Every structure is written in structure tokens, then in C-alpha cells.
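S.K.: Structure in C-alpha cells, see below.
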Amino acid sequence: LLEALADARPDLCFLGVEPLANYVAFARSRWEGGDPERLRIVEGTAEELDRAVDRPARWIVSHDVLHHVADIPLVARLATKVATDDARWLAVEPNRANPWVALYHVVTPGERLFNQRAFLDTARAAGWLVSERFRFLLIPHTVASPPPLLTKLEDRYEHLPVVSGAVGVVLVRSPG
């Protein structure tokens with residue numbers, strides 16, 4: 001994800017924080033030869049975000065992260081601490097209202113169900129306001145090239161709570 005973002009936005013710098021050393025090594029190898037000032041990948045957890053970030057962030061993107069976090073209030077406070085006053089936070093998580101997604105997260109070791117309502121309450125307490133909420137991903141990511149009919153169905157139905165595979169929210173820093 002960061003590699004694609006960095007390729008698309010050469011005017012910006014990106015920092016990835018990843019807890020698994022082998023994922024860090026893989027991500028770094030994909031960016032090998034790229035400008036190390038524009039894209040850095042460091043080993044760490046969301047609960048250590050303030051140690052990883054060396055300059056204020058205008059955007060925070062957490063994709064498939066928060067349902068792994070043990071201390072969401074801490075992460076929300078750290079996100080506030082490292083963010084600029086006009087920062088945005090895009091959080092994308094598995095949709096627990098989808099029965100298949102929920103089942104996967106209940107039976108798979110290391111996975112948890114994500115409670116978006118509880119997260120949003122915690123984020124508000126840490127100084128974030130909801131700008132946008134959305135649901136998406138009817139087609140599983142394992143389907144590399146979905147047929148046009150399936151894509152059309154996704155466009156029409158992915159907003160439905162029990163169908164969408166993911167939930168997303170864009171948060172903005174609250175004034176004051």
C-alpha cells in the first residue's frame with residue numbers, strides 16, 4: 001500500500017510501522033532503489049507510534065490494523081500526538097456485521113472482531129471527529145480479476161452491512 005501511495009505521490013513522504021520483522025524486510029526490499037527519505041518502513045506496533053514518527057503527520061492510514069491492537073485508547077491518543085492540527089485519519093477494518101468476516105475473525109488465531117462504534121467513541125475522546133463513514137469490498141481480495149457482472153454487483157450492494165467485507169472511516173482532528 002505504501003509503495004503504491006509513494007509512487008502516486010512523489011511530493012509526499014511516507015512512514016510504515018509494522019510489528020513483524022519479515023514483513024518489514026519484505027516491504028523494504030520492494031522499495032529498494034527508491035528514495036529512503038520518501039518511504040521508510042520501521043519495525044514497531046501502533047502502541048509505539050510516537051517512537052516511530054519523527055515529524056508531524058498530515059495523514060494517518062491504518063489498514064487492517066486496529067482489530068489487532070490491544071489498547072485502542074492509547075493508539076488514539078498517540079495518533080493525536082503525532083498528527084498535525086489539520087490531520088486526517090483513514091481507518092479501514094474488517095466488517096464484523098458480515099457473517100463470513102465475523103466467523104473468520106472468531107475462529108482464526110490472532111484475529112479479533114473490530115467494534116467500530118467503540119473505536120469511534122475512543123477516537124472522539126482523543127480529539128478526532130468523524131468526517132466520513134463507508135462500507136466496501138463485496139468481492140474478496142483473493143479474486144484477482146473479477147468478472148464484470150460481479151464488479152457491477154459489488155458497486156450496487158457493497159454498502160449493505162451484512163455484505164460488505166470492510167468498514168472505513170475518515171477522521172479529522174477536532175478544533176481546540
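The values are calculated or read from the model by the stated rules, or taken from the named source; none is laboratory data. None of the values given here were measured: they were computed from a predicted structure. Cβ sites come from the backbone with ideal geometry, for glycine too, and all protein chains shown count toward neighbours. Surface areas here come from the heavy atoms of the whole protein model, side chains and all, with no ligands, DNA or RNA. Shrake-Rupley method; radii C 1.70, N 1.55, O 1.52, S 1.80 Å.
S.K.: Being open to solvent by less than 80 Å² (accessible area, probe 1.4 Å), touching a residue at least 24 places away in the same chain (Cβ under 8 Å) and not small (G, A, S): is that true of P140 here?
M.R.: So P140 passes the test.
S.K.: Related question: Restricting to segment 70-95, name every residue that is touching a residue at least 60 places away in the same chain (Cβ under 8 Å), open to solvent by 50 Å² or more (accessible area, probe 1.4 Å) and within 30 Å of V162 (Cα to Cα).
M.R.: R88
S.K.: Can I ask one more? Report the residue count in segment 14-49 for those that are in a helix (DSSP H, G or I) and hydroxyl-bearing (S, T, Y).
M.R.: Number satisfying all stated conditions: 2.
S.K.: Right, here's the next one. Which condition breaks for D7 when tested against (1) out of contact with any Gly (no Cβ under 8 Å at 6 or more places or on another chain); (2) in a helix (DSSP H, G or I); (3) surrounded by 13 or more Cβ atoms within 10 Å (Cβ to Cβ)?
M.R.: Just one mismatch for D7, condition (3).
S.K.: Name the residues in segment 29-55 that are within 18 Å of the chain's Cα centre (by Cα) and either more than 19 Å from A118 (Cα to Cα) or basic (K, R) (or both), would you?
M.R.: Going residue by residue through segment 29-55, those that are within 18 Å of the chain's Cα centre (by Cα) are 39-50, 52-53.
Selection gives L39, R40, I41, V42, E43, G44, T45, E48, L49, D50, A52, V53.
S.K.: Under 8 Å between Cβ atoms, which residue pairs at least 6 apart in sequence (or on different chains) link something in segment 113-136 that is without any contact (Cβ under 8 Å) to a residue 40 or more places away in the chain with a partner that is open to solvent by 60 Å² or more (accessible area, probe 1.4 Å)?
M.R.: N115/R96; F134/H159; F136/H159
S.K.: Still on this structure: Please verify whether segment 31-42 includes one or more residues that are open to solvent by 50 Å² or more (accessible area, probe 1.4 Å) and under 30 Å from H159 (Cβ atoms).
M.R.: Within segment 31-42 (the criterion being open to solvent by 50 Å² or more (accessible area, probe 1.4 Å) and under 30 Å from H159 (Cβ atoms)), the answer is no, since none of the residues qualifies.
S.K.: Same structure, new question: Could you figure out which of (1) surrounded by 14 or more Cβ atoms within 10 Å (Cβ to Cβ); (2) modelled with pLDDT of 95 or more isn't true of R133?
M.R.: R133 satisfies all of (1) surrounded by 14 or more Cβ atoms within 10 Å (Cβ to Cβ); (2) modelled with pLDDT of 95 or more except (1).
S.K.: Something else now. Quick one: what pairs do we get from segment 25-37, first residue under 15 Å from D7 (Cβ atoms), second open to solvent by 80 Å² or more (accessible area, probe 1.4 Å) and not in a helix (DSSP H, G or I), C-beta under 9 Å, 6+ apart or different chains?
M.R.: That search, which allows pairs on different chains as well, returns D35/P10.
Here is a yes/no grid of residues against (1) out of contact with any strand residue (DSSP E or B) (no Cβ under 6 Å at 6 or more places or on another chain); (2) modelled with pLDDT of 95 or more:
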site	(1), (2)
D50	yes, no
S62	no, yes
D71	yes, yes
V75	yes, yes
A87	no, yes
V92	no, yes
V107	yes, yes
A118	yes, yes
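S.K.: Looking at segment 99-157 only, could you name the residues that are small (G, A, S) and touching a Ser or Thr at 6+ places or on another chain (Cβ under 6 Å)?
M.R.: Matches in segment 99-157: A126, G127.
S.K.: Pick from V130, V163, V143, V92: which is among the β-branched types (V, I, T) and under 19 Å from V17 (Cα atoms)?
M.R.: Going through V130, V163, V143, V92 in turn, just one is among the β-branched types (V, I, T) and under 19 Å from V17 (Cα atoms): V92.
S.K.: Which one is farthest from G16 (Cα to Cα) among residues in segment 50-69 that are assigned to a helix (DSSP H, G or I) and open to solvent by less than 30 Å² (accessible area, probe 1.4 Å)?
M.R.: The extreme case among them is H67.
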